Each structure stands twice: as structure tokens, then as C-alpha cells.
1. Would you mind getting me the FRET efficiency between residue B:37 and residue A:79? Use the beta-carbon distance for r and R0 = 25 Å, nearest 0.05.
2. Between A:43, A:55, A:69, find the one with the highest GNM mean-square fluctuation for chain A; connect C-alpha pairs within less than 10 Å.
3. Tell me, rounded to the nearest percent, the portion of alpha carbon pairs in the stretch B:2-82 spaced more than 21 Å apart.
4. Between residue B:31 and the same site in the other copies, what are the distances in nm, shortest first, taking label points 7 Å from Cα along the C-beta direction?
5. Could you tell me the relative contact order of chain B? Use alpha-carbon pairs under 8 Å, at least six residues apart, and round to a whole percent.
6. Give me the distance in nm between label points sitting 7 Å out from Cα along the Cα-to-Cβ direction at residue B:70 and residue B:12, one decimal.
7. Before rounding to the nearest 500, sum -39500 (n - 2.57) across all DSSP H runs of length at least 4 in chain A and divide by the residue total; then give [θ] at 222 nm in deg cm²/dmol.
8. Arranged by the count of other C-beta atoms within 10 angstrom, fewest first, what order do B:80, B:60 take?
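Please treat every number below as a calculation from the coordinates, not as lab data. Here the structure is a predicted model, which is why all the values come from computation and not from measurement. Cβ placement follows ideal geometry from the backbone for every residue including glycine, while neighbour counts extend to all protein chains displayed.
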């Protein structure tokens, strides 16, 4: 089975996010008010071939924890969509 | 009204994505097969205060085009969720 996968990796609550803080500080001067709590993360999209959804989820959980994110400071959220084949 | 906003910024098709290519090349050696078409983008989350959904969408479209993405090489996708107040 083929799946479209989106992994969103974002900093855990409480971890300093200088990119987000910079965006938040800059926007009012650029004419955008009302924006707060800015957080910047990564979004990784790919196609995964796997036997079934269960094995795909197991492989993805392992992949995220070991390579795509740093679980000490980051959380990851996996979205899996089967592709009609 | 308050909205939770997620902006996903990703490279347009055809634009070189060295981060994605590196992940794709590295994974088989690390024991993960079946992963292809890897693309790495940014995901920006924030809270937006705006009069109504229409004005929020207009402001976000402008914000994305002018500051959060480079429309020459990047596409952005906006997801807006009203927050119960």
C-alpha cells in the first residue's frame, strides 16, 4: 500500500523558539496586528510504501523518533493518507 | 474573533529541495525502505485576532505572500480554525 505522509515537527512547549519570537516581534511594525503565540516548525512530506496501515504507522513512529525529530525538544505529529492505487 | 492558524510553506514543484533529497538518500542506509518524494517545508502556527473570518483570511493571504513565504519559489497553505471564546 502507498501512503501520503505529512510529519509536522514542532518545538515542545517551553522550549525557546527564536524564529517564532522574531516573527512575532516584527509583524506589528510591518502592519500586522493581532498575531501572537507564533511557533515555527518543520513539515516533512513524503510517500511511503508499506504492507498495511499498521506497519506503516509503526515504521513512521520509529522514523520520527529516531531521525526526523529530536524527542528531547520536539514533538511530532504524523498524518497518514492512503493513496488509491 | 480568535483563530488558530497553521501556515504550511513548501517549495514549489521543480524547485531543488536539498534537505528532502538528503533525507531520502540517507533513509535506506538507516533501515527505512519505501520512502520517496521527500519534501521539507516550514509549518508556522500562531493565534490571530481579527474582526471576522473574511478579514482574517484577507490578512493571512497578505501576510503569507509578503512575509512568511517567498512566492517565487514557495507555495503556502493556510488552515484557519476559530477558537471558541
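1. Working: r = 15 Å, r/R0 = 0.62.
Efficiency, rounded to the nearest 0.05: 0.95.
2. For chain A, modelled as a Gaussian network with Cα springs under 10 Å, the answer is A:55.
3. Values: 1379 of 3240 pairs.
Tail of the P(r) past 21 Å holds 43 percent of the pairs.
4. 5.4
5. Once divided by the residue count of chain B, the mean separation gives 54 percent.
6. Reported label-point gap for residue B:70 and residue B:12 is 1.2 nm.
7. Values: 2 runs with 20 residues, N = 85.
Only helices count here, giving -7000 deg cm²/dmol.
8. Numbers: B:80 15, B:60 23.
Final ranking by Cβ density, sparse to dense: B:80, B:60.
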